[in-house]
Amino acid sequence: MRTDTTVRDVMHREFLGASEADSLAAAADLMVTEATDCLVVVRGGEPV
């Protein structure tokens, strides 16, 4: 495990988001399409 990695090292401003109204299936499909293992749930552009 690396202990010298900072949050700044791994953060970036772009993120994959799904609306809280999206279905689980739609969110999973988006993750597969975008080849990612996480997304942020948003409400009106703000993370919730």
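The values are calculated or read from the model by the stated rules, or taken from the named source; none is laboratory data. Fair warning: this is a prediction, and the values are worked out from it, not measured in the lab. Virtual Cβ from ideal backbone geometry, glycine too; neighbours counted across all protein chains shown. Note: accessible area is taken over every heavy atom of the protein model, side chains too, but ligands, DNA and RNA are not part of it. Shrake-Rupley method; radii C 1.70, N 1.55, O 1.52, S 1.80 Å.
Among the listed values (1) 64; (2) 53; (3) 58, the one computed from these coordinates for percent of Cα pairs over 14 Å apart is (3).
Can you give me the % of accessible surface on the chain that is carbon or sulfur? Probe 1.4 Å, all protein chains present, nothing else counted. Roughly 56 percent, rounded to a whole number. Per-residue 3J(HN,Hα) values for segment 39-46, derived from phi via the Karplus relation 6.51 cos²θ - 1.76 cosθ + 1.60 with θ = phi - 60°, read 8, 10, 7, 10, 10, x, x, 9 Hz in sequence order (x marks Gly and Pro).
Remark on V41: its backbone amide H falls under 5 Å from those of A18, V48, a criterion applied only to residues 5 or more positions apart or on other chains, H modelled at 1.01 Å from N. The charge dipole of the chain, taken about its Cα centre with unit charges on the Cβ atoms of Lys, Arg (+1), Asp and Glu (-1) only, comes to about 160 debye. Applied to segment 3-18, the Karplus parametrisation 6.51 cos²θ - 1.76 cosθ + 1.60 on θ = phi - 60° returns per-residue 3J(HN,Hα) values of 10, 9, 8, 9, 4, 4, 4, 10, 7, 8, 7, 7, 8, 8, x, 10 Hz, with x for Gly and Pro. Once the Cα-Cα distance is subtracted from the 0.36 nm per residue extended length, the A25 to V48 segment shows a gain of 6.4 nm. On a per residue basis, the chain carries 92 Å² of accessible surface, using protein heavy atoms and a 1.4 Å probe.
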